[in-house]
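Every number in this text was worked out from the coordinates using simple rules, so none of it is lab data. Only a predicted model underlies this, so the values are computations on that prediction, with no experimental measurement involved. Virtual Cβ from ideal backbone geometry, glycine too; neighbours counted across all protein chains shown.
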């Protein structure tokens, strides 16, 4: 700075710059799918003056927020299906505006299976069924990502029935319907599910209650009795292959 008398003075300007995310060094908002059991590192870098402070946050399903790191990187070890999927990086240096970036993880995991009979979850392998029961619905509920195949096997042989595909919100559901249970339908029923990550299966043994004796209940294997009251309405169902039908409900393509 010069004056009229030739004197001058030097001024130093300290320019403050708000933070800005460095895209080349920071993880993308939607990184590639991650398989269960692997590790994943989230990176967040920003420039500004003064140097921005970094906070990495994790959002739980209940929307509780937790600061997991105040460094530029954090590694999530041994990722599972239940690992938190939403994270956020916030950069601040006291000169607004602060900047942030959210990260949404997509986790690939092998099928997890539950079996139900008429909406009741089955925990035991052996299920005793009254031969006079009306319609019985065997439901195989599968959670997996990415979506894959679900099918039934009876006594080690795969069913050759057509599948009807439906879209559901979260799971793939395969439903096997026995319109009238007879001795012919006794046996081991296995639901098999597979995707790119792996294959899983779960089996139950349907046993006609009328063909068993009281001694059956003393077996070492845990058992479940399942009996429905016979309908007062007379129903005649031919004992043919048409009395067994299967309907599969699937969310293939909708599981994200």
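For an R0 of 41 angstrom, estimate the FRET efficiency from the Cβ-Cβ distance between residue 63 and residue 124 and round to the nearest 0.05.
Efficiency for this residue pair is about 0.65.
Simple spin-label estimate for residue 82 and residue 102 gives 2.5 nm between the two label positions (7 Å along the Cα-to-Cβ direction from each Cα). Computed from label points 7 Å out along Cα-Cβ, the spacing between residue 168 and residue 22 is 4.8 nm.
Given their separation in residues at 0.36 nm each and the Cα-Cα distance between them, residue 30 and residue 114 gain 27.2 nm when the chain is fully extended.
Only Cα pairs under 8 Å and 6+ residues apart enter the sum, and on that basis the relative contact order of segment 10-148 stands at 25 percent.
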